[in-house]
Amino acid sequence: MEDIVHWQQWIGKTERITEQIEPLVLRRYGAALGEPLKDSAPLPSLAHWAFFIDAVQPGGLGPDGHPKRGGFLPPVSLPRRMFAASDMSFHAPLALGAEATKTSRVASLVHKSGRSGDLILVEVEHEVEQSGMLCVSEKQTIVYRDAGAATPAVEDKRITPPDGSELWVPGPVDLFRFSAVTFNSHRIHYDLPYAQKEEGYPGLVVHGPFIAARLFGFARQRHGPLRRFSFRAQAPMFVGQPIFLCAGTEAGQVVARRCDGVDAFIAHFEI
């Protein structure tokens, strides 16, 4: 691609955001996940995602609701963007009421060719520190791709619930609340005409981080505190359809299974 050399100039670009770990923010974030904030309990799943969000003004948003490209992230021209994967390590718990700082760095930008055409993979490294101590380190993979063909609807095949699974049927209110507490304005999560006509989805799309946080909570509830958690999105999941959170085929693996039997999200954890 002609512009890739220009986009690669963003490699090494850093951003730093400092804010207080406010209990009210976590109370709302936990409520969106169904995890009440309690004094004796650990913080809600992947709690650092409730903070360090750039407060982009309306004029700084693109037509899809994401911040316009070319700021911290490179101005990749491919129209579709998704948070495809992450690998997180947890070193120390965040303390309520104290300031913390997240430092982000664009680590790499790679061009690949997939079944749907060109792909640009941008890896971003994050470190969350508090009182001079590293609390969370994370490597996120953001994928940009061509528009491609419309995504087919998911057929509910009435699959047998996997043993030990948890049924989750996210509704439009759930998606709205998660968008609100994470300040995520991507329109595929709340604007049905946009999701269908512009991005070719059959319905509102469940946020990847929402699914990841639910899987993290599912694993933590059964295995105790996690020191590492990674996930990769394999396929989209849609509002109003059954999702089964369940153990995977490998040790230390959990998956989010769609109602057509597809494992749309696959995660691994270490305790």
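Does any residue of the range 87-94 turn out to be part of a strand (DSSP E or B), on the phi > 0 side of the Ramachandran plot and of a type in the set (Gly, Ala, Ser)? Looking through the range 87-94, none of the residues is part of a strand (DSSP E or B), on the phi > 0 side of the Ramachandran plot and of a type in the set (Gly, Ala, Ser). In a residue-by-residue description of the range 150-165, the property of being at pLDDT 95 or above, among the hydroxyl-bearing types (Ser, Thr, Tyr) and surrounded by fewer than 12 Cβ atoms within 10 Å (Cβ to Cβ) applies to at least one position. With respect to Asp260, determine if the residue is under 24 Å from Gly62 (Cα atoms), at pLDDT 95 or above and among the charged types (D, E, K, R). So Asp260 does not fit the description; no. Of the residues Ala195, Ala247, Ala235, the single one that is surrounded by 22 or more Cβ atoms within 10 Å (Cβ to Cβ) and small (Gly, Ala, Ser) is Ala195. If you check Pro63 against the conditions, is it assigned to a loop (DSSP other than H, G, I, E, B), in contact with a Lys or Arg (Cβ under 7 Å, 6 or more places away or on another chain) and loosely packed, with under 15 Cβ neighbours inside 10 Å? When the stated conditions are applied, Pro63 does not pass them. Residue pairs whose Cβ atoms lie under 6 Å apart, sitting 6 or more positions apart in sequence or on different chains, and linking a residue in the range 208-223 that is touching a residue at least 12 places away in the same chain (Cβ under 8 Å) to a partner that is hydroxyl-bearing (Ser, Thr, Tyr), are Ala213/Ser45; Phe216/Ser45; Gly217/Ser45. Kindly establish whether His189 is closer than 15 Å to Trp49 by Cβ and either among the charged types (D, E, K, R) or touching a Leu at 6+ places or on another chain (Cβ under 7 Å) (or both). Against the criterion (closer than 15 Å to Trp49 by Cβ and either among the charged types (D, E, K, R) or touching a Leu at 6+ places or on another chain (Cβ under 7 Å) (or both)), His189 qualifies. Count of the range 5-59 residues, restricted to those that are in a helix (DSSP H, G or I) and either touching a helix residue (DSSP H, G or I) at 6+ places or on another chain (Cβ under 6 Å) or closer than 18 Å to Leu94 by Cα (or both), is 14.
Return a yes/no flag: does the range 206-228 have any residue that is at pLDDT 95 or above, over 26 Å from Leu37 (Cα atoms) and crowded, with 17+ Cβ neighbours inside 10 Å. Scanning the range 206-228 turns up no residue that is at pLDDT 95 or above, over 26 Å from Leu37 (Cα atoms) and crowded, with 17+ Cβ neighbours inside 10 Å.
The values are calculated or read from the model by the stated rules, or taken from the named source; none is laboratory data. This is a predicted model, so every value here is computed, not measured. All Cβ positions, glycine included, derive from the backbone under ideal geometry; neighbour counts span all protein chains shown.
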